[in-house]
Structure formats: structure tokens, C-alpha cells
Amino acid sequence: MSGNRVFKCYACGNEWEEPYGTGRPLACPKCRSPNIHRTDADRGKRTAGGGFGAGRAAYDQGRGRDMSGRGQR
Ligand SMILES: [Zn+2]
């Protein structure tokens, strides 16, 4: 626990730390791409790359199937 937040740029793969209190960076300091993601909190939870989007899609599909099967509510 260093107290720093770690961000990763998906455009160039750059990783850097930002101290708390400075707000979320708007772009990669190296290539200026806004395609960045905080990565320190993800450690051990998901592998990088679409885990969140895939999980959400599966959730929406399951919901739709469930609702159509029941007919109402
Ligand atoms: Zn970058």
C-alpha cells in the first residue's frame, strides 16, 4: 500500500502513479490518450481487457431472457 493510485494507458501501455488528492488524470502523460484506466484496485479481480464490458453484457442478456420467460414483472 503505497497510497498512490496506479493508472494504465491502453493506447501505449504506459503505467504511472498519481498521488491522492490530485483528481483523476484526463489523459496519459506520455501519449496524451484519454484511453486510460485505473489499475491498482483491479489487482487480482479481473484480467485487463474487457472484463467489465463482457460481464455487463452477460448480465443484460440474462435479465432479458428472464423477463421474457416470465412474461411480466
Ligand atoms: Zn499512453
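Bear in mind these aren't lab numbers, they're just calculated from the coordinates by the rules spelled out. Small disclaimer: the values here were computed from a predicted structure and weren't measured. Backbone-built Cβ (ideal geometry, glycine too); neighbour counts: all protein chains shown.
Per-peptide packing, taken as the mean over residues of other Cβ atoms within 10 Å, places 29-37, 4-12 in the sequence 4-12, 29-37 from highest down. Computed 3J(HN,Hα) for region 18-26, one whole-Hz value per residue from the Karplus formula 6.51 cos²θ - 1.76 cosθ + 1.60 where θ = phi - 60°, is 10, x, 5, x, 9, x, 6, x, 8, glycine and proline marked x.
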